[in-house]
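Where a number appears in this text, it was derived from the coordinates with a stated rule and is not lab data. Predicted model, so just to flag it, every value in this text is computed and none were measured. Cβ placement follows ideal geometry from the backbone for every residue including glycine, while neighbour counts extend to all protein chains displayed.
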Amino acid sequence: MILGVTGSIGAGKSTVKEEFSRLGWRVFDADAVCHDIYADPGSAFFSRIVGTWGRGTAAPDGRSIDRKKLAQKVFGRPEELKKLTDLLYPELEKRLDAAIAACRKEKADGIFEIPLLFENGYEKRFDAVLAVWSAFPVRCRRLEEKRALGGEEIRQREAAQLPAGEKLELADLALVNNGSRELLRRQVGVLAGKISSMTTVK
């Protein structure tokens, strides 16, 4: 099973991915891959970013991108965000497709965490898509506690994505994550068991 996982910021996508990994699934984290792309020293991607938004987006090493500085230039500005995605996503898609191909070739279960999965039309790459949903106040509390994000920054990031409820409607599967990690772990265990049963029958 090749499973795409999505959901709004703070919903618990990474926790779901970690729990599937604990059960033996291969994992792909789009955010982590993007971080690697940003950090690639002296890459063509680095040159394109600096050429578009200036040397102020460079990290102190002068060879990689400072993601926070870049975020300040694009979030809340749709045209600028579009420029960034046009540069970033071709690099991401190369790595995504290679990871999916490896899972299929080796008949391995894989879970792929991609925040903007539907927004970028990636759903057809997967056997099924799982949406992780949490109430907005719950997500705000998590983001304030764990990532020190303020309300305005959260709203800007929310505005760059499909609404949480719409992702839920588009997905094949769903998990509600308003409680503890232990509760989410149990939900993942039940879901993984059902998926295993379905694929075994096929």
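For the range 31-108, what log10 I(q)/I(0) values come out of the Debye formula at q = 0.11, 0.22, 0.23, 0.27 1/Å, with one point per alpha carbon and no solvent?
With no solvent term, the Cα-only Debye profile gives -0.32, -0.97, -1.04, -1.34.
Placing +1 at every Lys and Arg Cβ and -1 at every Asp and Glu Cβ, with all other atoms neutral, what dipole size does the range 31-108 have around its Cα centre, in debye to the nearest 20? Mind dumping the intermediate values first?
Details: 15 positive and 12 negative charges, 17 e Å.
Value, rounded to 20: 80 debye.
How far apart, in nm, are the 7 Å Cα→Cβ label points at Lys105 and Glu80?
Taking the simple label geometry, Lys105 and Glu80 are separated by 4.1 nm.
Using Cα centres only, tell me the gap between the range 109-133 and the range 9-75 in whole Å.
First find each Cα centre; the distance between them is then 18 Å.
Just want the ordering: Ser8, Ser21, Ser14, from fewest to most Cβ atoms lying within 10 Å of their own Cβ. Before the final figure, lay out each step's value.
Numbers: Ser8 25, Ser21 13, Ser14 17.
Starting with the residue having the fewest Cβ neighbours, the order is Ser21, Ser14, Ser8.
About the Cα centre of the chain, how large is the charge dipole given +1 on each Lys and Arg Cβ and -1 on each Asp and Glu Cβ? Please answer in debye to the nearest 20.
Details: 34 positive and 29 negative charges, 50 e Å.
The dipole of the chain has a size of about 240 debye.
From the phi of every residue in the range 114-128, what ³J(HN,Hα) in whole Hz does the Karplus formula 6.51 cos²θ - 1.76 cosθ + 1.60 yield, where θ is phi - 60° and glycine or proline is x?
9, x, 9, 4, 5, 4, 9, x, 8, 4, 6, 6, 10, 5, 7
Compute the distance in nm between two label points, each set 7 Å from the Cα along the Cα-to-Cβ direction, one at Glu152 and one at Arg125.
It works out to 3.4 nm between the two label points.
Packing-wise, with mean Cβ within 10 Å as the measure, how do 58-64, 33-39 rank, highest first?
On the way: 58-64: 13.9, 33-39: 16.9.
Peptide ranking by packing, descending: 33-39, 58-64.
Would you kindly derive the ³J(HN,Hα) couplings of the range 45-54 from the backbone phi angles with the Karplus curve 6.51 cos²θ - 1.76 cosθ + 1.60 (θ = phi - 60°), listing them in order in whole Hz, with x for Gly and Pro?
4, 4, 4, 5, 5, 5, x, 8, 10, x
In whole Hz, what ³J(HN,Hα) sequence does the range 10-15 give by Karplus (6.51, -1.76, 1.60; θ = phi - 60°), x for Gly and Pro?
Values, residue by residue: x, 6, x, 4, 5, 5 Hz.
Exceeding 27 Å between C-alpha atoms, which entries from my cross-link table qualify? They are Lys83/Lys105; Lys82/Lys167; Lys68/Lys146; Lys17/Lys194.
Numbers: Lys83/Lys105 34 Å; Lys82/Lys167 20 Å; Lys68/Lys146 16 Å; Lys17/Lys194 17 Å.
Pairs exceeding 27 Å: Lys83/Lys105.
Remind me, relative contact order of the range 31-108 in percent, using alpha carbon pairs under 8 angstrom and six or more residues apart? Before the final figure, lay out each step's value.
Values: 54 pairs, mean separation 21.5, N = 78.
Averaging sequence separation for qualifying contacts and normalising by length gives 28 percent for the range 31-108.
Could you tell me, in Å, what Rg and Dmax come out for the Cα atoms of the chain?
17.6, 56
Rounded to the nearest 20 Debye, what is the dipole magnitude of the range 70-170 about its Cα centre when Lys and Arg each give +1 and Asp and Glu each give -1 at the C-beta? Please list the in-between numbers first.
Working: 19 positive and 19 negative charges, 39 e Å.
Its charge dipole is roughly 180 debye.
What does DSSP give for the chain in terms of the percent of beta bridges that are antiparallel, rounded to the nearest 5?
Values: 1 of 17 bridges.
Given both bridge residues lie in the chain, the antiparallel proportion sits at roughly 5 percent.
Between beta-carbons, use under 11 Å as the cut-off and find the net charge around Lys83, counting Lys and Arg +1, Asp and Glu -1.
Numbers: positive: Arg48, Lys73, Arg77, Lys82; negative: Glu79, Glu80, Asp86.
Charge balance in the 11 Å sphere: +1.
Return the long-range amide H neighbours of Ala59 (sequence gap of 5 or more, or a different chain), with a cut-off of under 5 Å between placed amide H atoms.
Those qualifying (amide H under 5 Å, at least 5 residues apart or on another chain) are Ser64, Ile65, Asp66.
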